[in-house]
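Data first, discussion second: the structure below is written as structure tokens.
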Amino acid sequence: MKRTVTLLSLFLILASFNLFPQSEPDTYIWPKDPKVLENLKTWQGYKFGLLIHMGLYSVDGVIESWGLCPEDWITRPGFDDYYQYATHYRNNKSKFNPVQFDPQKWAKAFKGSGAKYMIYSTKHHDGFCLYDTKYTDFKVTDKGTPFSTNPKANVYKEIMNACRAEGMAVGAYFSKPDWTTPYFWWPYYPPKDRNPTYDITQHPERWKNFVEYTQNQINEITTDYGKVDILWLDGCWVMPKSSITPKVAEFCKYPHDMDIDMKSIAARARKANPGMLVVDRWVKSEYEDYLTPEQKTPEKALTVPWESCITMGGAWGWVPGDNYKSVKELVQLLVKIVAKGGNLLLGVGPKGTGEFEPAVYQRLEGMGKWLSVNGEAIYGTTPVEPFQQGKIAYTAKGANTIYAIYMPDKDEAALPASLIIKTQLKGKLTATLVAGNKTLKSKLKPDGLVVVIPKAMREELAKSEAVAVKVAER
């Protein structure tokens, strides 16, 4: 019996995610806490982070937990019985044994990619915990999991410590919905969709238990494992009814108020981590410190903090035969996002063995090589008009410096003889190729600064993922 989700199914699932609405800038609420604002500004300067998914889904190489969700758009190739699939999936606990998990190797690769922060998935919607929670046995450290005897079994603890040791900021991904705990999916009733299986108004004590369960687990991951810079909450349909906007109403059809008391959750987490960023995704409230469009980028620059979470391949976790974006595609994706004032959170996951595909390491290394040379045009920059025009994207530092980042096509043989850089800078300007710090001839004309690309450099520069030119007032 075939146990994997096909790539066709994968793309159908991700296509449905692209239809999922995102929070809008006009609903954004700026934080009031000065320390949160300070950390938010610092985070905006990071520009590039990584989101790592590993769990029971990594055993089969399927699309995270979604096979458990009994909605019409879900496919389960190889299975014609939902309960058979659900049993098989949860029984992967007895097979989960990522013996090649090497947190120090991971962290060095993450740091080497140029990423400034890492967010790790502590629990996806299936409810399987990648840390030693006190509140369920459905966890990596339970004796029923082969990996529980490994010294590195507390995966969340190990990767957070390793990334901190590399100087990276760290965050915790946590799913609010939980499709295994009886407090959310009570087995007395069969699941019908992603929501609770029961009427929470008819069983208020059970819902109260779920709220306490959720609060206790979030408290664990934000207080028991050292400093946490970001709490990244997924599963927006678990939200107060008062927060449902027209943008998310289609996906929030549960008729009752699923309030888990974010005020209390944020207060407890920030008591242990002053100024911690809280991202209750797609929920209009003061607990969404930045917006998180998924698998897409805004059409224009935004005036509020935001981050596009986008997969390196087609899935958040590992699936066999995934088609990873090239280094050039990834660098140019980062450039386009930064030019609009956002951050890129790049999603990828290891195999069930605990090791990443060689292609993942190659992409991370390639991004790191480009950023090690051109990072000044990315890190700590702000958006500047015209943001992007044709193949040139723009960033700025201060009032006197901009960066024009030219993005060659995949098969472009040579850069043009000159680039016309749009700028509001006046007076005497200098143009410098960031790679190599080489001064380029330039002349300010009515339609922009004309920068000459030496003939001897044009073919070699076309091989680059992107070419950054610094323009500054003398």
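The values are calculated or read from the model by the stated rules, or taken from the named source; none is laboratory data. Remember, it's a predicted structure, so these values are computed and weren't measured experimentally. All Cβ positions, even for glycine, are placed from backbone atoms using ideal geometry, and neighbour counts span all protein chains on display.
Scanning the range 276-292 for residues that are at pLDDT 95 or above, closer than 21 Å to LEU50 by Cα and part of a loop (DSSP other than H, G, I, E, B) returns MET276, ARG281, ASP289, TYR290, THR292.
Residue-by-condition table, conditions (1) over 26 Å from the mean Cα position of the chain (by Cα); (2) closer than 24 Å to ILE52 by Cβ; (3) among the basic types (Lys, Arg):
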| site | (1), (2), (3) |
| --- | --- |
| LYS134 | yes, yes, yes |
| VAL140 | no, yes, no |
| LYS143 | yes, no, yes |
| PRO146 | yes, yes, no |
| MET160 | no, yes, no |
| PHE184 | no, no, no |
| ARG194 | no, yes, yes |
| HIS203 | yes, no, no |
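For the range 241-273, a tally of residues being part of a helix (DSSP H, G or I) and out of contact with any Ser or Thr (no Cβ under 7 Å at 6 or more places or on another chain) returns 13. Comparison of LYS410, LYS397 shows that the only residue that is assigned by TED's automatic domain parsing to the domain that holds LYS441, touching a Ser or Thr at 6+ places or on another chain (Cβ under 6 Å) and of a type outside the set (Asp, Glu) is LYS397. Could you grab me the full set of residues in the range 19-63 that are among the acidic types (Asp, Glu), part of a loop (DSSP other than H, G, I, E, B) and at pLDDT below 95? Listed by number, the list holds a single entry, GLU24. Here ASP102 meets the list (1) touching a Lys or Arg at 6+ places or on another chain (Cβ under 9 Å); (2) of a type outside the set (S, T, N, Q); (3) farther than 30 Å from ILE378 by Cβ almost entirely, failing just condition (3).
The set of residues in the range 233-270 that are within 15 Å of GLU286 (Cβ to Cβ) and of a type in the set (Gly, Ala, Ser) comprises SER242, SER243, SER264, ALA266, ALA267, ALA269. Can you pull out the residues in the range 298-322 that are in a loop (DSSP other than H, G, I, E, B) and in contact with a Leu (Cβ under 8 Å, 6 or more places away or on another chain)? LEU302, VAL304, PRO305, MET312, GLY314, ALA315, TRP316, VAL319, GLY321, ASP322, listed by residue number. Candidates in the range 119-160 are the residues that are out of contact with any strand residue (DSSP E or B) (no Cβ under 9 Å at 6 or more places or on another chain) and assigned to a helix (DSSP H, G or I); of these, the one that is surrounded by the fewest Cβ atoms within 10 Å (Cβ to Cβ) is THR149.
For TRP66, are the conditions met, namely being touching a residue at least 40 places away in the same chain (Cβ under 8 Å) and surrounded by fewer than 18 Cβ atoms within 10 Å (Cβ to Cβ)?
No; evaluated as a whole, the condition is false for this residue.
Here is a yes/no grid of residues against (1) more than 22 Å from the chain's Cα centre (by Cα); (2) surrounded by 15 or more Cβ atoms within 10 Å (Cβ to Cβ); (3) not in a loop (DSSP other than H, G, I, E, B):
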residue: VAL170; (1), (2), (3): no, yes, yes
residue: TYR188; (1), (2), (3): yes, no, no
residue: PRO191; (1), (2), (3): yes, yes, no
residue: ARG206; (1), (2), (3): yes, yes, yes
residue: ILE221; (1), (2), (3): no, yes, yes
residue: MET239; (1), (2), (3): no, yes, no
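Name the strands (runs of 3 or more DSSP E) wholly inside the range 331-422 in which the number of residues that are of a type in the set (S, T, N, Q), more than 24 Å from the chain's Cα centre (by Cα) and over 20 Å from ILE119 (Cβ atoms) is 1 or more. Qualifying strands (runs of 3 or more DSSP E): 382-389, 401-406, 418-421. Only one entry of ALA404, ALA431, ALA396 meets the criterion of being touching a residue at least 60 places away in the same chain (Cβ under 8 Å) and crowded, with 18+ Cβ neighbours inside 10 Å, and that entry is ALA404.
Cβ-Cβ distances below 8 Å connect the following pairs, each with a first residue in the range 316-341 that is closer than 26 Å to GLU64 by Cα, a second residue that is assigned to a helix (DSSP H, G or I) and β-branched (Val, Ile, Thr), and a separation of six or more residues or different chains: TYR324/VAL360.
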